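None of the figures in this text is laboratory data; all of them are computed from the coordinates on show. Everything numeric here is computed off the predicted structure, so don't read it as measured data. All Cβ positions, even for glycine, are placed from backbone atoms using ideal geometry, and neighbour counts span all protein chains on display.
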Amino acid sequence: MSNEAPRTSRKTLWLVAAVCIAPFIASFTTYYFYRPEGRVNYGELMDARQLSRAPMTLADGAAFSLSQLEGKWLFVLADDAACDAYCEKKLWQIRQVRKTQGKYPERIERVWLITGAGEPAQRLSSEFEGTWLVKAAGSKVLDQLPFEGALADHIYLVDPLGNLVLRYPRDADPSRMRKDLERLLKVSRIG
């Protein structure tokens, strides 16, 4: 009888230890070996990097820096001044996504980084009024934008602190871009 009591005590001790350690082992295994494929965001999440605030020039000749737009979410696209049909499509998309934000459109700005020499057509300036037309040829900002294929293929989202957040693919779906932005605006306390 005295032999049986220590065995039962040890079994109970090992059982209690196993129950206490099991959650740690399960969480470790889940964290390091189980990578869920699903994600909430549509745009590709970028490594946080702050974009250069080096001085640039607007299409009308005024001085400009991205620091002027600090505190706002930015849709940024880079394309040549001779804006082709795809360029116009991107300008239209970011305008429409901004308009669909209900009570938040004032928190969002649109920036067209003009990559080549020349001036954009006057028609584009009036059609996409409110878009910052920035002469960016040779600027550091263009070097900081990661791209696959061509730089002009993407639309970028920059947070109110000037950090690159998301990159959208060529022919991005505006409704999915809108959902990304809605989520960010909802949880963001800045911008």
For the chain, cysteines whose Cβ has no other cysteine Cβ within reach (under 4.7 Å): 20
Longest the chain segment clear of GluC sites (Glu not before Pro) sitting in DSSP loops (not H, G, I, E or B) with at most 16 other Cβ atoms within 10 Å runs 71-128
Based on DSSP H assignment, which helices of the chain show an axial Cα extent of at least 27 Å together with a mean Kyte-Doolittle hydropathy greater than or equal to -1.0? 4-33
Lysine pair number, Cα distance threshold 27 Å (strictly under), the chain, separation 8 or more or different chains: 25
Charges at C-beta only: +1 for Lys and Arg, -1 for Asp and Glu. How large is the resulting dipole of segment 102-191 about its Cα centre, in Debye rounded to 20? 360 debye
Give me the Kirkwood hydrodynamic radius of segment 1-97 in Å, from all C-alpha pairs, to one decimal place? 20.5 Å
Which order do 20, 87 fall in if you start with the one that has the fewest other Cβ atoms within 10 Å? 20, 87
Net charge of Cβ neighbours under 12 Å - reference residue 115; Lys, Arg +1; Asp, Glu -1: -2
Given charges at beta-carbon only (K, R positive; D, E negative), |dipole| of segment 1-115 in Debye: 620 debye
Please identify every one of the trypsin sites (Lys or Arg not before Pro) in segment 77-118 that sits in a loop by DSSP and has no more than 13 other beta carbons within 10 Å of its own beta carbon. 103
Report for the chain the percent antiparallel among DSSP-assigned beta bridges with both residues inside it, nearest 5. 55 percent
With unit charges on the beta carbon (Lys/Arg positive, Asp/Glu negative), name the residue among 14, 92, 191 whose Cα is farthest towards the positive pole of the charge dipole of the chain. 14
Which ordering of 49, 123 is given by a fewest-first count of other beta-carbon atoms within 10 Å? 123, 49
For residue 170 paired with residue 122, estimate the spin-label separation in nm (one decimal), with each label point 7 Å from Cα along the Cα-to-Cβ line. 3.4 nm
Ranked list, fewest to most other Cβ atoms within 10 Å of each Cβ, for 92, 132, 14: 14, 92, 132
Taking H as built 1.01 Å from N, whose amide H comes closer than 5 Å to the amide H of residue 46, not counting residues under 5 places away? 166, 167
